[in-house]
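Structure first, then comments.
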Amino acid sequence: MPFTGDGPGEHLQSWQNNTETRPRRGGNNLDRPVVLRKAMEVLSAKGFSKASIADLTTATGLGFGALCKAFGARDEILRAAIRFCADTEASLAREPLFVSPTGREAILSMLEENVRLRRHWPRHCGCLFTFNAFVVPPDEAELHDFLAESRRSLSKHIRARLARSVREGELPASANCEALANLCLTLLSGLTFRVLDGAPPGLLFRSIELFVDALGFRARRTILAKKAPN
């Protein structure tokens, strides 16, 4: 089933449950996702240039030595947090593409999950789908390359799921899967901005459904009827 409604989706809820506890202290017991999630909260509030080690130690509950041992200096901690943010966004976007029973549900769920993530994620942490100099400075070329490659990879996954829908008869043979995947990725970015602008979730969910309906997916029951023996 697609992820409907206003609360966190299944995959986002699982992520939240794993990152809302305090980080465990000490060596190999340090919980990296929790620490990096809290570092992203600092980045969202202070930005890359003004986030300090004192801010990071206060937010994470860890000492300077423990943070440096796990991640390196201040900039390395922030870069690791940005990569964590982008990886989380990409993972939540990809998963519906793999587990949804139809292409329509996969695209619908992917877009809806992005809206939910934006509402439960620190404000300026749309690392994957926006260009935000507040969080990722322009001179961080390696980070920008990483984010661009993550977007290209997600686009390939979207295109592959659409191509599967063509093979299964859910989309017409004439469908341009590469162009449609690019359009889906563009909408993911646009949804990020609309959430930041304060657009009501209900309006965004209705807009997503209209967009997905316009892609030309055929009803599931029609596909099954064609496969049924005479």
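The values are calculated or read from the model by the stated rules, or taken from the named source; none is laboratory data. Quantities reported herein were computed from a predicted structural model and do not represent experimental measurements. When we count neighbours, we look across all protein chains shown, and the Cβ atoms used for this are built from the backbone with ideal geometry, even at glycine.
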Within the range 175-193, can you find the residues that are without any contact (Cβ under 8 Å) to a residue 12 or more places away in the chain and either under 15 Å from the mean Cα position of the chain (by Cα) or assigned to a loop (DSSP other than H, G, I, E, B) (or both)? Asn176, Thr186, Gly190
Checking the structure you have, find out if any residue of the range 138-152 is without any contact (Cβ under 8 Å) to a residue 12 or more places away in the chain and in a loop (DSSP other than H, G, I, E, B). yes
Only residues in the range 211-226 that are within 15 Å of Ile107 (Cβ to Cβ) and part of a loop (DSSP other than H, G, I, E, B) count as the first member; pair them with residues that are basic (Lys, Arg) and modelled with pLDDT of 70 or more, Cβ under 6 angstrom, at least 6 apart or cross-chain, and list the lot. Phe217/Arg104
Can you spot a residue in the range 153-174 that is outside any helix (DSSP H, G or I) and surrounded by 19 or more Cβ atoms within 10 Å (Cβ to Cβ)? yes
Take the residues in the range 90-142 that are at pLDDT 90 or above and polar (S, T, N, Q); name whichever of them is surrounded by the fewest Cβ atoms within 10 Å (Cβ to Cβ). Ser91
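Conditions tested, residue by residue: (1) of a type outside the set (Val, Ile, Thr); (2) within 21 Å of His144 (Cα to Cα); (3) in contact with a helix residue (DSSP H, G or I) (Cβ under 6 Å, 6 or more places away or on another chain).
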| residue | (1), (2), (3) |
| --- | --- |
| Thr58 | no, no, no |
| Cys68 | yes, no, no |
| Asp75 | yes, yes, no |
| Ala81 | yes, yes, yes |
What number goes with the only condition from (1) at pLDDT 95 or above; (2) surrounded by fewer than 19 Cβ atoms within 10 Å (Cβ to Cβ) that Ile223 does not pass? (1)
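State yes or no: is Leu108 more than 13 Å from the chain's Cα centre (by Cα), aliphatic (A, V, I, L, M), part of a helix (DSSP H, G or I) and under 19 Å from Ser49 (Cβ atoms)?
Working: more than 13 Å from the chain's Cα centre (by Cα): yes; aliphatic (A, V, I, L, M): yes; part of a helix (DSSP H, G or I): yes; under 19 Å from Ser49 (Cβ atoms): no.
The answer is no for Leu108.
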Boolean, Ser207 is at pLDDT 95 or above, touching a Gly at 6+ places or on another chain (Cβ under 6 Å), under 20 Å from Glu105 (Cα atoms) and not hydrophobic (A, V, I, L, M, F, W, C): no
Applying the selection to the range 22-54, what residues are closer than 18 Å to Cys85 by Cα, in a helix (DSSP H, G or I), at pLDDT 90 or above and touching a Lys or Arg at 6+ places or on another chain (Cβ under 8 Å)? Val34
